[in-house]
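The values are calculated or read from the model by the stated rules, or taken from the named source; none is laboratory data. Model, not experiment: these values are computed from the prediction. Using ideal geometry, Cβ is built from the backbone for each residue, glycine included, and neighbour counts are taken over all protein chains shown. For accessibility, only protein heavy atoms count, side chains too; no ligands or nucleic acids. Shrake-Rupley method; radii C 1.70, N 1.55, O 1.52, S 1.80 Å.
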Amino acid sequence: MSAPSFDCVSCGACCFSRNPRYLQLLPWDASRNLPSESLFTEGGNTYVSFACGHCVHLDLSAGKAACQVYEDRPEACRAFRAGSFECVKARRANGIMGVTARSREGDLPKAG
Ligand code: SF4
Ligand code: SF4
C-alpha cells in the first residue's frame, strides 16, 4: 500500500470549517501582513474570516488549494503539520480539496 501524499497545495482540507471563529490570530501574528478586510474582531479576539465554508484566503481555482497569504499565514496555520494527527483528522472530515465539506454545504454537484 502506498503512503498517502500530504501535498498541501493539492489538499487544503485544514482550511475548511463551518465555525466562523475557527482561525484566531495569536500574539505572534501581530507583525504579519494580513489584509485587514479579511479579519474581524469579537470579544477582544481577532479572527480570519471564513466564507463558503473555508478561509477567505484559500484559492480553489485551477484545481489547486492555494493559500493566497502563504508568507504571512497565521501562526495557527504554521503549527498545522502535514501528516500530523490533526492533518489526517481534517482530511477525513473535510476531504481533499474540501470535497466532503463542499458537498455537505451543497457546493458540489451530488455524485450519481
Ligand atoms: S490537511 Fe494536511 S495535507 Fe491538507 S493542507 Fe492541511 S496540513 Fe496540508
Ligand atoms: S491563511 Fe492560508 S493556510 Fe491558513 S486557513 Fe487560510 S488559506 Fe489556509
* Restricted to region 3-26, and to residues that are open to solvent by 40 Å² or more (accessible area, probe 1.4 Å), closer than 15 Å to SER84 by Cβ and assigned to a loop (DSSP other than H, G, I, E, B), which residue is farthest from ligand 2 (Cβ to nearest atom)? -> ALA3
* To do: Tell me which of these GLN68 doesn't satisfy, since it passes every other one: (1) within 17 Å of CYS87 (Cα to Cα); (2) open to solvent by 60 Å² or more (accessible area, probe 1.4 Å); (3) near ligand 2 (Cβ under 8 Å from one of its atoms).
  => (1)
* Asked: Of all residues in region 80-109, which are near ligand 1 (Cβ under 10 Å from one of its atoms) and surrounded by fewer than 13 Cβ atoms within 10 Å (Cβ to Cβ)?
  -> ARG81, GLY83, GLU86, LYS89, ARG92
* Structure fact -> Within region 38-90, residues small (Gly, Ala, Ser) and more than 17 Å from SER103 (Cα to Cα) come out as SER38, GLY43, GLY44, SER49, ALA62, ALA66, ALA76, ALA79, ALA82, GLY83, SER84
* Asked: Being open to solvent by less than 80 Å² (accessible area, probe 1.4 Å) and closer than 23 Å to CYS87 by Cα, is that true of even one residue in region 27-34?
  -> yes
* To do: Taking only region 51-88 into account, find how many residues are among the polar types (S, T, N, Q) and part of a loop (DSSP other than H, G, I, E, B).
  => 2
